[in-house]
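The values are calculated or read from the model by the stated rules, or taken from the named source; none is laboratory data. Computed from a predicted structure; not experimentally measured. Here the Cβ positions follow ideal geometry from the backbone for every residue, glycine too, while neighbour counts run over all protein chains shown. Ligands, DNA and RNA are excluded from the accessible area calculation, which covers all protein heavy atoms including side chains. Shrake-Rupley method; radii C 1.70, N 1.55, O 1.52, S 1.80 Å.
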Amino acid sequence: QVQLVESGGGLVQPGGSLRLSCAASRSIYKILAMGWYRQAPGKQRELVARITFGGSTNYADSVKDRFTISRDNAKNTVYLQMNSLKPEDTAVYYCNSDPPVQNYWGQGTQVTVSS
């Protein structure tokens, strides 16, 4: 069982940046791939970025070239650097393994992009 705690969200103006963190309660060394997901009001949760143990990354087209996912296995932490934020990036952001494990979902962190 792993507990994941997301942090770093907030209110930011369009074009701004935020860095999200996902701290795991135990080692994520053996989790082959971790992902950042988001859920906007009235929409399904979607995977926006994933990173393998080896550091290979994949991004949804909507965030490509703006978001960067990274992981620090020694600190049991996964990060999401978000630049050039747009109003459509407004959502609750979660981390989980990829594919996700139901019991791993945390509370998420709210990101609101608005002027």
Fill in the blank from the handout: Ignoring ligands and nucleic acids, Asp61 exposes an accessible area, probe 1.4 Å, in Å² to the nearest 10, of 130
Problem - Probe 1.4 Å - accessible area at Ile28, Å² to nearest ten - result: 0
Exercise for the section: For Ser7 and Arg26, calculate 0.36 nm times their separation in residues minus their Cα-Cα distance, and state this gained length in nm to one decimal. Expected result: 5.2 nm
Handout entry: Residue-level accessible surface for Thr77, protein heavy atoms, 1.4 Å, Å²
Key = 20
Fill in the blank from the handout: With the convex hull built on the alpha-carbon atoms of the chain, volume per residue in Å³ sits at 89
Fill in the blank from the handout: Of Arg26, Arg38, Arg50, the most mobile residue in a GNM of the chain (C-alpha springs, cutoff 10 Å) is Arg26
Exercise for the section: Please list Phe67, Phe53 in order of solvent-accessible area, largest first, computed with a 1.4 Å probe with all protein chains present. Expected result: Phe53, Phe67
Exercise for the section: For every other residue with a beta carbon closer than 15 angstrom to the beta carbon of Gly54, add +1 if it is Lys or Arg and -1 if Asp or Glu, then tell me the sum. Expected result: +1
Practice task
Would you tally the net charge around Gln107, using a Cβ to Cβ cut-off of less than 14 Å, leaving Gln107 out, and scoring K and R as +1, D and E as -1?
Solution key: +1
